Amino acid sequence: MKSPLCILHLEDDPNDVTLVQSTLEAGGIPCTIHCVQTRDDFAAALKKGGIDLILSDFSLPAFDGLSALKIAHARCPDVPFILVSGILGEERAIDALKSGATDYVLKQRLSRLVPAVRRAMKEVEERVKRKLAERTRDEYSRKLQMLSRRLAKTQETERRRLTGELHNKIGQVLTVAQLNLHALLQSQGKKSPAPRVKESLEVVVRIQMVSTLALNLRGKSPVAADLNRI
């Protein structure tokens, strides 16, 4: 828990302000208290910021605790709001909790104030930890998605490179086969074409092997289909 706590106290009785501060400090909670009594001063203090905890009386001459609660929730929803009042009945207390109050303490039972404040500030710390964990998880997820996209892009680039190399290799092999076949045609009647025929057959086998590799990399593509017809 932060020390000292910066507390905004909505209270019109200076004696009660002093009693609340002494109770907190006696309970091991050092604090600085800024006391206000009106709506305008309360709103101005919220706007200024730097508040760790709000304590509020339920009823004041020109303002009230539930109205203060609504304003606080609209402007700083993460700051705990504890009602400290001497006239807070059970029904009003329930309404205040339903409206978002963190807790309530009767002035006649200020011994509950220190535990209530400790509990409220612990909830704040846990909420901060949860938000930090969520941000860390979201950041990790974002980085993982980015890495996955980069990996997919790298794999696609490598696949295209290998496919291009295979395509070039096929072209070279087909050129050799074409030259050999032309030589066979020109050598008819001069000498036996058997060696060149054998070489051409080996070339065809190599084409089939390369075609299979290309098919595995690219799937049924037009190039692979053409090779299967060779």
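The values are calculated or read from the model by the stated rules, or taken from the named source; none is laboratory data. Given the structure is predicted, the values throughout are model-derived calculations rather than measurements. Glycine gets a Cβ as well: all are built from the backbone with ideal geometry, and neighbour counts include every protein chain shown.
When you look at ILE29, is it among the hydrophobic types (A, V, I, L, M, F, W, C) and in a strand (DSSP E or B), yes or no?
Taking the combined requirement at face value, the residue does not satisfy it.
Flag set for GLY65, criterion: buried (at least 20 other Cβ atoms within 10 Å of the Cβ) and either within 21 Å of GLU126 (Cβ to Cβ) or in contact (Cβ under 8 Å) with a residue 40 or more places away in the chain (or both).
Per-residue answers, yes or no, for (1) at pLDDT below 95; (2) out of contact with any Ser or Thr (no Cβ under 7 Å at 6 or more places or on another chain); (3) assigned to a loop (DSSP other than H, G, I, E, B):
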| site | (1), (2), (3) |
| --- | --- |
| ALA43 | no, yes, no |
| GLY50 | yes, yes, yes |
| LEU55 | no, yes, no |
| PRO61 | yes, yes, yes |
| LEU66 | yes, no, no |
| ALA74 | yes, yes, no |
| PRO77 | yes, yes, yes |
| ILE82 | no, no, no |
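One residue alone among ALA101, ALA93 is among the small types (Gly, Ala, Ser), surrounded by 13 or more Cβ atoms within 10 Å (Cβ to Cβ) and touching a helix residue (DSSP H, G or I) at 6+ places or on another chain (Cβ under 8 Å), and that residue is ALA101.
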